[in-house]
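The block underneath contains the structure these notes are about, expressed in structure tokens.
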Amino acid sequence: MDRARVARDAAKAKARAELSGGLDAKRAAVRRVPCGTRGGYDRHLRLDERPCTECRAAKAQASRERRAALAAYRLRADVEADAL
């Protein structure tokens, strides 16, 4: 009984993998993003990997730039609100 269930579950898992393209197909598609970029950092996380040093540095730089842009936007919004 247990062997039949294991075989059936394995067959279902194989069919699901074939329909979805399988893990190897997913990894191949995800690997197109180069390391040293914010996208590379996200790729590491999607693949459940620890981000490399270059990707962590790129993510930190992108975060700094985003915070600076947000601060500048908020400053402009406050100046425009005071002008009204």
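Computed from the coordinates by the stated procedures, all read-outs in this text should not be read as laboratory data. Quick caveat, the model's predicted, so the values are computed rather than measured. Using ideal geometry, Cβ is built from the backbone for each residue, glycine included, and neighbour counts are taken over all protein chains shown.
Each peptide in 52-60, 66-74 receives the mean, over its residues, of other Cβ atoms within 10 Å, and ordering these scores from highest gives 52-60, 66-74.
Rounded to 0.05, the FRET efficiency of the A72 and C35 pair, given R0 = 35 Å and the Cβ-Cβ distance, is 0.75.
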